[in-house]
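Since the structure comes first, as structure tokens, the remarks are kept for the end.
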Amino acid sequence: MDLDALPEAVPVIRSVVGAHLRLWGVTELTDRVTLGVTELLANVIRHTLPDARTGTRPARLTVTLLPGALNVCVRDHSSVLPRPNSPGLDAECGRGLHLLAALADGFGCAPAPDGKDVWANFAIPGGDTGRSPAATPLHRSAPSRTP
């Protein structure tokens with residue numbers, strides 16, 4: 001799904017992702033995945049510059065059901081790769097990648113031709129991947145990189 005990363009769009013995107021998880025029969029992942037999507041989009045909002053021509057922060061969210069896992073990938077147009085930092089106890093930000101590491105069963109980032117991909121994998125409890133024969137990505141694109 002191509003989108004403009006805006007704070008007011010995040011709740012709608014979370015709802016769309018949650019609907020797909022229900023369709024695919026992996027509702028047990030909903031809280032972790034939607035919070036992970038929120039963190040990935042917050043990083044786009046906070047750390048990418050708006051497009052000089054349009055003023056938007058374009059991004060692409062891909063959610064893909066894989067054998068035994070669900071992959072979430074956000075591509076933005078910044079080539080700067082995220083790095084975890086060490087926020088102080090009273091810091092109001094800087095914990096997003098730490099939270100993503102706690103939520104996901106694996107995550108990472110990689111340069112892309114027009115920016116970067118930041119992704120997270122969420123293991124499906126029991127590894128049951130035969131839940132929905134209609135499971136398809138929200139957006140068809142090249143497979144996300146996995147660990």
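Summary table
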| read-out | value |
| --- | --- |
| Residue in the stretch 33-51 that is part of a loop (DSSP other than H, G, I, E, B), at pLDDT below 95, touching a Leu at 6+ places or on another chain (Cβ under 8 Å) and open to solvent by 40 Å² or more (accessible area, probe 1.4 Å) present | no |
| Members of the stretch 9-27 found to be touching a helix residue (DSSP H, G or I) at 6+ places or on another chain (Cβ under 7 Å), open to solvent by less than 10 Å² (accessible area, probe 1.4 Å) and not β-branched (Val, Ile, Thr), listed by number | Gly18, Leu21 |
| Residue that is modelled with the highest pLDDT [pool: residues in the stretch 75-85 that are part of a loop (DSSP other than H, G, I, E, B) and open to solvent by less than 50 Å² (accessible area, probe 1.4 Å)] | Ser78 |
| Residue satisfying condition, being out of contact with any Phe, Trp or Tyr (no Cβ under 7 Å at 6 or more places or on another chain), surrounded by 12 or more Cβ atoms within 10 Å (Cβ to Cβ) and at pLDDT 70 or above, within set Val72, Val63 | Val63 |
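The values are calculated or read from the model by the stated rules, or taken from the named source; none is laboratory data. Keep in mind that this is a model prediction, so the values were computed, not measured. Virtual Cβ from ideal backbone geometry, glycine too; neighbours counted across all protein chains shown. For the accessible areas, the whole protein counts, side chains as well, though only heavy atoms, and no ligand, DNA or RNA atoms are used. Shrake-Rupley method; radii C 1.70, N 1.55, O 1.52, S 1.80 Å.
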